[in-house]
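Undergrad: Sharing a structure below in structure tokens format, with a few things to ask.
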Amino acid sequence: MTPFSRGAMIAAVASMLIVGVAADGITSKLQVHIPNSLAKAGGYDHREALFGVPPYGGSIQQSLYWADSDLCDPNVDTRSGYPARKSDSSGKMAPWPSPYILMVDRGGCTFVNKVRNAQRSGAAGVIISDSTCLCSAGDACKSDDACETREPVMADDGSGSDITIPSFLMFKQDADPIKAEMKANHMVRIEMAWSLPNPDARVEYELWTTPTDLVSREFQRQFKEAAVALGTHAYFTPHMYIYDGLKSGCQGIDGQNQCYNLCTNNGRYCATDPDNDLDKGISGADVVKESLRRECIWKIYGQEDGIGTQWWDYVAEFMYRCDNEDYFANQDCVKDAQTHAGIDPHKVESCIADTGGLENDVPNTLLENQLADKEAAGVVILPAAYVNNTPIRGALEFATIFKAICAGYAKGSEPNVCEKCASCGIDEYQCVMDGKCPTAQGSVSTPVFATSLAAVVFCFGCLGLVQWQRSQRQMREQVRGIMAEYMPLDENNKVESAGIPLDGDDLDAEFT
């Protein structure tokens, strides 16, 4: 076998996790509404950030403010920029009035840093104004610097998981007139809008991950409930990310595996070593085998209906029982997880063998399909989710994917669970579990409030009655005392002769 550095092998494998970005299927729109002179038919050309969470199926339309800054300093001066505002009680120009969309100049720091600082300042969205012309813009764009031959990409620098607001990049020839309008202290109102392709009454969604991926674990534990609730209105497809060992040079000229225990099938199908230790623990070949096993489980138990209850159950059972270096490749543990998920281990082993197996220089049809699908889809970073062939931005969370799926239905075809839970805004997972939106923490439901109010009224009513009866008794005693002191009484005609009621008499008797 050709000598191959272990460190180099791991680095080479890890580098394969980043691939080209596929054409974005999201239909997003950027349009100026005020002033009308800056509106463009069809909206402005722009590029979306690969971080942040767009409100799929929704829009943000707010006043635009130009920060007149690169916004690289986390201490954002919200009293600067354009258009100018009136002074407030402090004597300084008032801050940008929330909610607002902030325009920020490109350059000085990463896109993520700019958007994060804008988010902290209260912005609902961000427009990055490009500072350099594209060569393709020709005479339409004026710049003192040399033009760029390639379009900039608003990529995540690896720290953008905390970004929750959306952002666009606007090209210089379009941004300059808008900045000039704001610098002249004229109001600009702009809209950022998003929609997903919604061709029919069934949404298709996909998940790209690996059996050792840590980020997608919670999602995979929870989303079965949504898959079942969506039923045949949605079709799920799980994808296991592996890389092509032939293209990566893991199979030598002699047809032998050159990448140690990272690959199967003589170097054809490979995965990264999750613990970066080729001598012990979980190997890349173990990951490939578990990936194929999950694809077989889906083929047998999920491909027909697109729900795959047993697939979700197996993944949850595997994570609970076998997801550590001692049991990951343990066949007894794997079979135990399959049994608890209602899966026949013999069917799964037959599928692995029938599709080509994992031994020798033999293609496996299921793994070949995964490689082909990976090339067609394009993945920026794992895990990745797609809805109607559209990559979903933001963290892989239940709420994000569920809302994106619900936004992908043709109008009027949304299933009941989407109508009930997609706009909860509190806990979409709990809503899917319970069939209704949960009450916000600290708030009181209407029935509970009504019952509590009735109880309070009853208690105060009882207290009022007791107090009234007490006052009446005191009145009787006072009157008796007065009459006894100032009126002569005889033994046969005592208090009654004066018309004073005794304790048992009716208090409504008049004093005459």
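The values are calculated or read from the model by the stated rules, or taken from the named source; none is laboratory data. What you see is a predicted model; the values in this text were computed from it and never measured. Here Cβ is always computed from backbone atoms with ideal geometry, including for glycine, and neighbour counts include all displayed protein chains. Just the protein is used for accessible areas: all its heavy atoms, side chains included, with ligands, DNA and RNA removed. Shrake-Rupley method; radii C 1.70, N 1.55, O 1.52, S 1.80 Å.
Undergrad: For segment 401-435, give me each residue that is out of contact with any helix residue (DSSP H, G or I) (no Cβ under 6 Å at 6 or more places or on another chain), outside any loop (DSSP other than H, G, I, E, B) and open to solvent by less than 20 Å² (accessible area, probe 1.4 Å).
TA: Ile401, Ala404, Ile405
Undergrad: Hey, can you tell me all the residues within segment 323-367 that are closer than 15 Å to Ser291 by Cα, in a helix (DSSP H, G or I), open to solvent by 20 Å² or more (accessible area, probe 1.4 Å) and in contact (Cβ under 8 Å) with a residue 12 or more places away in the chain?
TA: If the condition is that a residue be closer than 15 Å to Ser291 by Cα, in a helix (DSSP H, G or I), open to solvent by 20 Å² or more (accessible area, probe 1.4 Å) and in contact (Cβ under 8 Å) with a residue 12 or more places away in the chain, then Leu366 is the only one that fits.
Undergrad: Being buried (at least 18 other Cβ atoms within 10 Å of the Cβ) and either over 19 Å from Leu366 (Cα atoms) or not charged (D, E, K, R) (or both) is the requirement here; does Glu290 meet it?
TA: no
Undergrad: Applying the selection to segment 209-248, what residues are under 30 Å from Asp361 (Cα atoms) and of a type in the set (A, V, I, L, M, F, W, C)?
TA: In the first step, residues of segment 209-248 are kept if they are under 30 Å from Asp361 (Cα atoms); the result is 209-213, 237-248.
Hits for segment 209-248 are Met240, Ile242, Leu246.
Undergrad: Open to solvent by 10 Å² or more (accessible area, probe 1.4 Å) and within 34 Å of the chain's Cα centre (by Cα): which single residue out of Asp279, Asp275 fits that description? Quick ask: steps written out before the conclusion?
TA: Working: Asp279 fails: within 34 Å of the chain's Cα centre (by Cα).
Only one candidate passes the filter, namely Asp275.
Undergrad: Looking only at segment 81-119, filter to residues that are in a strand (DSSP E or B) and of a type in the set (A, V, I, L, M, F, W, C); which one of those is surrounded by the most Cβ atoms within 10 Å (Cβ to Cβ)? Step through it out loud before you land on a result.
TA: Start the filter on segment 81-119 by keeping residues that are in a strand (DSSP E or B), which leaves 82, 87, 93, 101-105.
Next, only the ones that are of a type in the set (A, V, I, L, M, F, W, C) stay: 93, 101-104.
Working: Met93: 16, Ile101: 26, Leu102: 30, Met103: 27, Val104: 27.
Ranking the candidates gives Leu102 first.
Undergrad: Any chance segment 168-175 includes a residue that's farther than 24 Å from Tyr386 by Cα and in contact with a Pro (Cβ under 6 Å, 6 or more places away or on another chain)?
TA: First pass over segment 168-175, keeping only residues farther than 24 Å from Tyr386 by Cα: 170-175.
If we keep only those that are in contact with a Pro (Cβ under 6 Å, 6 or more places away or on another chain) as well, we get none.
Checked against the condition, which is being farther than 24 Å from Tyr386 by Cα and in contact with a Pro (Cβ under 6 Å, 6 or more places away or on another chain), segment 168-175 yields no hits at all.
Undergrad: Can you tell me which residues in segment 275-309 are in contact with a helix residue (DSSP H, G or I) (Cβ under 8 Å, 6 or more places away or on another chain) and polar (S, T, N, Q)?
TA: Asn276, Ser291, Thr309
Undergrad: Okay, next question. So Ala123 ticks every box in (1) among the small types (Gly, Ala, Ser); (2) under 31 Å from the mean Cα position of the chain (by Cα); (3) part of a helix (DSSP H, G or I) but one. Which box is left unticked?
TA: Of everything listed in (1) among the small types (Gly, Ala, Ser); (2) under 31 Å from the mean Cα position of the chain (by Cα); (3) part of a helix (DSSP H, G or I), Ala123 misses just condition (3).
Undergrad: State which residue is modelled with the lowest pLDDT when the search covers only segment 219-243 and only residues that are of a type outside the set (Gly, Ala, Ser) and buried (at least 22 other Cβ atoms within 10 Å of the Cβ). If you could, list the steps in order and put the result at the bottom.
TA: Quick first cut of segment 219-243, residues of a type outside the set (Gly, Ala, Ser) only: 219-225, 228, 230, 232-233, 235-243.
Checking the rest, the ones that are also buried (at least 22 other Cβ atoms within 10 Å of the Cβ) come to 223, 230, 236, 239-243.
Details: Phe223: 97, Leu230: 97, Phe236: 97, His239: 97, Met240: 97, Tyr241: 96, Ile242: 95, Tyr243: 91.
Only one residue tops the list, namely Tyr243.
Undergrad: Moving on. Does any residue of segment 143-155 turn out to be over 27 Å from Thr27 (Cβ atoms), in a loop (DSSP other than H, G, I, E, B), out of contact with any helix residue (DSSP H, G or I) (no Cβ under 9 Å at 6 or more places or on another chain) and open to solvent by 20 Å² or more (accessible area, probe 1.4 Å)?
TA: yes
Undergrad: Ok, one more. For segment 126-142, what are the residues that are in a loop (DSSP other than H, G, I, E, B) and exposed (fewer than 13 other Cβ atoms within 10 Å of the Cβ)? Give the derivation first.
TA: We begin by selecting, within segment 126-142, every residue in a loop (DSSP other than H, G, I, E, B); these are 130-133, 141-142.
Within segment 126-142, just Lys142 meets the criteria.
Undergrad: Between a first residue in segment 269-291 that is closer than 25 Å to Ala353 by Cα and at pLDDT 95 or above and a second residue that is among the acidic types (Asp, Glu) and not in a helix (DSSP H, G or I), which pairs have beta carbons less than 7 Å apart while being 6 or more apart in sequence or on different chains?
TA: From segment 269-291, the pairs are Ile282/Asp275; Ile282/Glu325; Ser283/Asp273; Gly284/Asp273.
Undergrad: Would you call Thr78 touching a helix residue (DSSP H, G or I) at 6+ places or on another chain (Cβ under 6 Å), part of a loop (DSSP other than H, G, I, E, B) and either at pLDDT below 90 or closer than 30 Å to Gly394 by Cβ (or both)?
TA: Values: touching a helix residue (DSSP H, G or I) at 6+ places or on another chain (Cβ under 6 Å): yes; part of a loop (DSSP other than H, G, I, E, B): yes; either at pLDDT below 90 or closer than 30 Å to Gly394 by Cβ (or both): yes.
Considered against the rule, which asks whether it is touching a helix residue (DSSP H, G or I) at 6+ places or on another chain (Cβ under 6 Å), part of a loop (DSSP other than H, G, I, E, B) and either at pLDDT below 90 or closer than 30 Å to Gly394 by Cβ (or both), Thr78 comes out as yes.
To keep it simple, each residue is scored yes or no on (1) farther than 23 Å from Val417 by Cβ; (2) of a type outside the set (A, V, I, L, M, F, W, C).
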| position | (1), (2) |
| --- | --- |
| Leu230 | no, no |
| Gln251 | yes, yes |
| Thr264 | yes, yes |
| Leu278 | yes, no |
| Trp298 | no, no |
| Trp312 | no, no |
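Undergrad: Related question: Which residue out of Gly249, Gly231, Gly255, Gly281 is of a type outside the set (A, V, I, L, M) and not in a loop (DSSP other than H, G, I, E, B)? Let's see the steps before the verdict.
TA: Details: Gly249 fails: not in a loop (DSSP other than H, G, I, E, B); Gly255 fails: not in a loop (DSSP other than H, G, I, E, B); Gly281 fails: not in a loop (DSSP other than H, G, I, E, B).
Checking each option against the conditions leaves just Gly231.
Undergrad: Being without any contact (Cβ under 8 Å) to a residue 40 or more places away in the chain, open to solvent by 10 Å² or more (accessible area, probe 1.4 Å), over 22 Å from Val348 (Cα atoms) and under 18 Å from the mean Cα position of the chain (by Cα) is the requirement here; does Leu246 meet it?
TA: no
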